[in-house]
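Here is the structure we will look at, set down as structure tokens.
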Amino acid sequence: MMRTLLVRGMLAGLVAGVLATLFAYFFGEPSVETAIGLEGTAAHSHSAPGAHEHAPAEAAEEELVTRGVQSTVGLLTGVGLYGVAVGGLFSLAFAFTYGRLGTLRPRLTAALLAGGAFVVVFLVPFLKYPGNPPAVGQAGTIGSRTSLYFGFVALSLLVGIFAAAFGRKLADKLGAWRGGLLAAGGYVVLISVAAALLPSIDEVPDGFPGSTLWTFRLASVGTQVVLWTALGLAFGALAEKALKHKEAVRA
């Protein structure tokens, strides 16, 4: 059964990845194009006199993958593979969670799990370290910025798992509503303290259009909303069908 859920999770992740790619292409790529244009303008204005004469030829030689490929096939490949990987991990989390949240149906369990994962894995880390378009951020700090972001993702996930386990025990004593509220409150307190202690990153250059930055970040959030919503709904439907078939065979 675990293999069945894993395959269906990866399939649901692929579907979610394709839908997220479409959203990112139509709503996120315009702001990326604008940021790339600004980056090119800034680089051109800071170049030494006469240096720009050979820039087109050098750029053509250095550009291994065209922007058109990056924004279409590259985007689909990256988000699609991400969706498949997330879908596989999501199926494992579902297998562990299902039946431990009471008598919830597979569809509802998957929906709640997807909503919680969106908040813990993406939204909370994004609020601390929001994504930036091209031309924002210094090349020399990319390693530290990446480490801080993924470190906070791991911390948020660990605190979320701990809060969920603790909330389940509280639910047995205080009821599901009170136990859930206390667990959620504990998560918010712990992760807020961690966020306050971790260093902040603000490398948005002066003069960068706030509308472009806002549009890019809003599109980033929207892409993740589409991904996790589609994953929760698609996997919930596939998992419920598989579990019903298993119960029918046993009967």
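Highest-first packing order for the peptide set 188-195, 128-135 is 128-135, 188-195, based on the mean count of other beta carbon atoms within 10 Å.
Electrostatic bookkeeping for Phe94 treats Lys and Arg as +1 and Asp and Glu as -1; over the other residues with beta carbon under 13 Å from its beta carbon, the sum is +3.
Expressed as a fraction of 2.2 N^0.38 Å, the C-alpha radius of gyration for region 103-211 is 1.33. Per-residue 3J(HN,Hα) values for region 72-80, derived from phi via the Karplus relation 6.51 cos²θ - 1.76 cosθ + 1.60 with θ = phi - 60°, read 10, 5, x, 5, 5, 5, x, 5, x Hz in sequence order (x marks Gly and Pro). Take the chain with all the other protein chains still there, run a 1.4 Å probe, and you get 60 Å² of accessible area per residue. Dividing the radius of gyration of the alpha carbons in the chain by their Kirkwood radius gives 1.06 for Rg/Rh. Only Lys, Arg, Asp and Glu carry charge here, each on its Cβ (+1 for the first two, -1 for the last two); on that basis the chain has a dipole of about 2180 debye about its Cα centre.
The values are calculated or read from the model by the stated rules, or taken from the named source; none is laboratory data. The shown structure was predicted, so the numbers you read here are calculated from the model rather than taken from an experiment. As a convention, Cβ positions derive from the backbone with ideal geometry for all residues, glycine included, and neighbour counts pool all protein chains shown. Note: areas computed on protein heavy atoms with side chains; ligands, DNA, RNA excluded. Shrake-Rupley method; radii C 1.70, N 1.55, O 1.52, S 1.80 Å.
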